[in-house]
Structures are given as structure tokens and as C-alpha cells.
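The values are calculated or read from the model by the stated rules, or taken from the named source; none is laboratory data. As the structure is a computational prediction, the values presented were derived from the model and not from experiment. Note: ideal-geometry Cβ built from the backbone for every residue, glycine included; neighbour counts use all protein chains shown.
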Amino acid sequence: MSTLPDGYYAVPDPDDPDTMTRWRVDSGGMHPHPAKTWYGPARPLRKDAPGKPGTDEYIAWMRDYFDEWGSWARRVKEAIEANPLIARFHFTESTGHCHNCGRVLTDGTSRTLGIGPDCRERIPHDLFSAYLAEVKRAREVR
Ligand SMILES: [Zn+2]
């Protein structure tokens, strides 16, 4: 399972770099954001099925699709894990929302930091200092 901290992340689609994919991580689970958005290989259509549901052909066809989607999702996760902070910034930059709670950011400071005043307040002071140092470093490597 994911070791990513809860929050919001965005990375380009590994197969289509012009498309940004956005994710909400919650207790180790990765969910497309907004909910019900579809990213990755297109869902198979029932009319393209090689047989009726429950038949061996149908099950193999679905399994192939889930294998394809699973390998795509692994590449997305690896891209986020390669630099989670940058993925958090991508989320804020592409949505204008807090990468911690997903709410709209309304002031310049919050947009620069990627995190709103309520979420900042809840972070212990020493952790927040470490976060700011990390933000500065991440900006430099970009
Ligand atoms: Zn927030």
C-alpha cells in the first residue's frame, strides 16, 4: 500500500503528458480527484466484450484491462513518490486548492505555500519550519 501522507497530488499522465491527473490520498488509498473522474486507459465497453459476462473469454478480457490499468496506476504512483512535494505543488498550481484539505485558497501567501491558513495552523511549528525549508529546496530543483 501507499506510504504517501494524506493529501492531494497531481502528476502528468505517464502516457499523455499534456493531461494532468489529480489524486486524493486517504489512509494509503489513492482516489481520482474530483471523485468519479476517470484517468488512465479508457474503460472497456460492454459492446466490445468477446463474450457474455461470466464466460472465460469475458473474464480474461476484463483481467487484461485491469492489468493494463494497474500497470498505468503503478507508474502514476511512482511519479508521485519520486517527488511528493512537487506533486502537491502541481495540485495547488493546477487547481488553486490547498494540497492538504482540498479547499480553495483565497490569498497569495496560501497559494505560494500550497496550503491554507487553517491547515498551516494545525501543523506544529517545527514541522512547519521543516516544510518551508523543503518547499524552498523543491522550488530550486525545478
Ligand atoms: Zn487546507
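Table for the structure above
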{"read-out": "Conditions (1) away from the ligand (no atom under 15 Å from the Cβ); (2) surrounded by 21 or more Cβ atoms within 10 Å (Cβ to Cβ); (3) free of Cβ contacts under 8 Å to residues at least 60 places away in the same chain: number failed by GLY116", "value": "(1)"}
{"read-out": "Residues that are out of contact with any strand residue (DSSP E or B) (no Cβ under 7 Å at 6 or more places or on another chain), of a type outside the set (Val, Ile, Thr) and part of a loop (DSSP other than H, G, I, E, B), drawn from region 6-37", "value": "PRO14, ASP15, SER27, GLY28, PRO34, ALA35, LYS36"}
{"read-out": "Selected residue [over 20 Å from GLY29 (Cβ atoms), surrounded by fewer than 20 Cβ atoms within 10 Å (Cβ to Cβ) and within 11 Å of the ligand (Cβ to nearest atom)] from GLU121, GLU93", "value": "GLU121"}
{"read-out": "Options ARG103, ARG75: the member that is over 11 Å from the mean Cα position of the chain (by Cα), within 16 Å of the ligand (Cβ to nearest atom) and either at pLDDT below 95 or under 30 Å from ARG137 (Cβ atoms) (or both)", "value": "ARG103"}
{"read-out": "Per-region count, region 72-88, residues out of contact with any Pro (no Cβ under 7 Å at 6 or more places or on another chain) and surrounded by fewer than 21 Cβ atoms within 10 Å (Cβ to Cβ)", "value": "10"}
